[in-house]
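A.B. asks: For reference, the structure I am asking about is given below.
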Amino acid sequence: MNPTRIDAIIDLAYGVLIFVSVVLIVVEGTRVGLALGLGVLVSYALHVIWKMARFDPEWMTREVEETVEEAVEQSIGEQVDAVQQQIETVDERIDRRPREDEIEDLLEETVVDDAAGGGDETENSGR
């Protein structure tokens with residue numbers, strides 16, 4: 001038999017089973033119809049995957065590659081953003097620290113103030 005004709009017959013059979021499940025939902029109640037409907041949909045999904053793999057063997061490989069690429073790009077993007085935030089935080093901390101020349105100026109001012117103030121205290125304590 002022709003494989004295309006068999007695929008068409010199978011697809012038509014799945015359609016009939018889905019229709020039967022809808023009729024069962026209306027007539028018998030939800031449990032029976034939903035059970036049949038879910039079973040048909042799951043088996044149809046497996047059938048479509050099998051059909052795609054048969055007609056285009058590279059299809060699944062391409063799909064997996066695309067999915068993995070998207071996941072890796074998203075993950076790396078999030079990691080890069082986190083690292084950039086950490087770098088910005090470190091830069092802010094570094095900018096808040098006094099520079100070496102500021103420290104030297106503060107030390108000189110302190111030494112000058114101590115020398116000026118220290119001489120007065122020595123004279124006062126000696127009297």
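A.B. asks: How long is the gain from Ala115 to Ile94 if the chain were fully straight, where each residue apart is worth 0.36 nm and the alpha carbon distance is subtracted?
C.D. replies: Values: separation 21, 0.36 × 21 = 7.56 nm, distance 3.19 nm.
Stretched fully, the Ala115-Ile94 segment lengthens by 4.4 nm.
A.B. asks: Same structure, new question: At R0 = 30 Å, how high is the FRET efficiency between Ala13 and Val64 if r is their beta carbon distance? Nearest 0.05 is fine. Don't skip to the end; give the middle numbers.
C.D. replies: Values: r = 29 Å, r/R0 = 0.97.
Efficiency at R0 = 30 Å is approximately 0.55.
A.B. asks: Let me ask you something else. Report the far tail of the P(r) of segment 1-85, meaning the percent of Cα-Cα pairs longer than 20 Å.
C.D. replies: Numbers: 2093 of 3570 pairs.
The proportion of pairs with Cα distances above 20 Å equals 59 percent.
A.B. asks: Residues of segment 9-118: accessible area per residue at 1.4 Å, in Å²? Don't jump to the answer; show the numbers that get you there.
C.D. replies: Numbers: 9080 Å² over 110 residues.
Here the per-residue accessible area is 83 Å².
The values are calculated or read from the model by the stated rules, or taken from the named source; none is laboratory data. Since the model is a prediction, treat every value here as computed from it, not as a measurement. All Cβ positions, even for glycine, are placed from backbone atoms using ideal geometry, and neighbour counts span all protein chains on display. All accessible areas refer to the heavy atoms of the entire protein, side chains included, with ligands and DNA or RNA removed. Shrake-Rupley method; radii C 1.70, N 1.55, O 1.52, S 1.80 Å.
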